[in-house]
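In what follows, a single structure is set out as structure tokens and then discussed.
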Amino acid sequence: MLENQKIRPAQVIGPLGEPLTLDTLPSPETSRWVVRRKAEVVAAVNGGLLTVDEVCERYRLTVEEFAAWQRAVDRSGMPGLRVTRIQHYKSLYERQQKY
């Protein structure tokens, strides 16, 4: 039975270097997703604090939407999460892939 239990960290390091816990993550009622909040949720999943399924359920996100956040962070860091810059970073990444 113990092998089925997942061991999770009590906290992970957030995008700005601060400790993140379940209590310090954005509220499940969040409706305005600023860059910092998106990055915190991505850091929580990457650190093992929550699973993708838990995040999608908790924040009412689709898997595709969360995956887009993860790709943006992986490719461009926090600036890649800015809605006004998505097209810029997308075209930049596509150009890099050609070479």
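The values are calculated or read from the model by the stated rules, or taken from the named source; none is laboratory data. It should be emphasised that the depicted structure is a prediction, and the values quoted were computed from it without experimental measurement. No Cβ is skipped: glycine too gets one built from the backbone with ideal geometry, and neighbour counts run over all protein chains shown. Note: accessible area is taken over every heavy atom of the protein model, side chains too, but ligands, DNA and RNA are not part of it. Shrake-Rupley method; radii C 1.70, N 1.55, O 1.52, S 1.80 Å.
Rounded to the nearest 0.05, what FRET efficiency is calculated for Ala10 and Val83 with R0 set to 30 Å and r the Cβ-Cβ distance?
E between Ala10 and Val83, to the nearest 0.05, is 0.40.
Counting only protein chains, not ligands or nucleic acids, how are Val45, Val55 ordered by accessible area (probe 1.4 Å), most first?
Of Val45, Val55, the descending order of accessible area is Val45, Val55.
Do any trypsin sites (Lys or Arg not before Pro) in the range 44-76 lie in a loop, going by DSSP, with at most 14 other beta-carbon atoms within 10 Å of their beta carbon, and if so which?
Within the range 44-76, the qualifying trypsin sites (Lys or Arg not before Pro) (loop, at most 14 other Cβ atoms within 10 Å) are Arg60.
State, to one decimal in nm, how far the label point of Asn46 lies from the label point of Arg71, with both points 7 Å from Cα in the Cβ direction.
Simple spin-label model gives 1.7 nm for this pair.
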